[in-house]
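Some notes on the structure that comes next.
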Amino acid sequence: MPHDKIQYLVLDRRDPSANMARFYVLAVETSLFGDAALIREWGRVGTAGRRKIELHESEHDAMEALETWLRRKQRRGHVPRPDCR
C-alpha cells in the first residue's frame, strides 16, 4: 500500500458538557484470504468498543469506503487525533 494513503486513523469526539468522549478507528488491512478489509472500531473512550470488518474486492474500494466513513464521521463532529494521522 502506498505510504501517501491513510492506513490507520483514530478520530475523537468529545463534549464534556454532554459527558461525551467517543472514539472511532478506521483502518485498511489485508485479510487472511488476501482481500482488502476496512476495519472500523468505535465506542466510548476507555472501553473496548465494537468492531466491524468489511471485505472489499480491491484496496481501492476499501480506501474509498474509508474516505466515505471519514467524511461521515467528520460531519458528526469527529476530529482526527493529531498523533495518529
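Taken over segment 37-63, the residue count meeting the criterion of being surrounded by 17 or more Cβ atoms within 10 Å (Cβ to Cβ) and under 15 Å from Arg81 (Cα atoms) is 1.
Within 25 Å of Asp83 (Cβ to Cβ) and either more than 11 Å from the chain's Cα centre (by Cα) or crowded, with 17+ Cβ neighbours inside 10 Å (or both): is that true of Gly34 in this structure? Even if it seems obvious, please write down each step before you answer.
On the way: within 25 Å of Asp83 (Cβ to Cβ): no; either more than 11 Å from the chain's Cα centre (by Cα) or crowded, with 17+ Cβ neighbours inside 10 Å (or both): yes.
When the stated conditions are applied, Gly34 does not pass them.
Test Leu26 against the stated conditions and say whether it is crowded, with 16+ Cβ neighbours inside 10 Å and touching a residue at least 24 places away in the same chain (Cβ under 8 Å). Taking the combined requirement at face value, the residue satisfies it.
Filtered by the rule that a residue be under 24 Å from Asp15 (Cβ atoms), in a loop (DSSP other than H, G, I, E, B), out of contact with any strand residue (DSSP E or B) (no Cβ under 6 Å at 6 or more places or on another chain) and of a type outside the set (Lys, Arg), segment 36-85 gives Gly46, Thr47, Ala48. Just wondering, is there one or more residues in segment 64-81 that are in contact (Cβ under 8 Å) with a residue 60 or more places away in the chain, of a type in the set (Gly, Ala, Ser) and touching a Lys or Arg at 6+ places or on another chain (Cβ under 9 Å)? Taking every residue of segment 64-81 in turn, at least one turns out to be in contact (Cβ under 8 Å) with a residue 60 or more places away in the chain, of a type in the set (Gly, Ala, Ser) and touching a Lys or Arg at 6+ places or on another chain (Cβ under 9 Å). Are any residues in segment 1-19 aliphatic (A, V, I, L, M), within 16 Å of the chain's Cα centre (by Cα) and at pLDDT 90 or above, and if so, which ones? Passing the criteria: Leu9, Val10, Leu11. Beta carbons closer than 9 Å, at least 6 apart along the sequence or on distinct chains, pair a first residue in segment 30-43 that is over 16 Å from Met63 (Cβ atoms) and free of Cβ contacts under 8 Å to residues at least 60 places away in the same chain with a second that is of a type in the set (Ser, Thr, Tyr) and surrounded by 17 or more Cβ atoms within 10 Å (Cβ to Cβ) for Glu41/Tyr24; Trp42/Tyr24; Gly43/Tyr24.
The values are calculated or read from the model by the stated rules, or taken from the named source; none is laboratory data. Just so we're clear, the structure is a prediction, and the values are computed from it rather than from any experiment. Cβ: placed from backbone, ideal geometry, glycine included. Neighbour counts: every protein chain shown.
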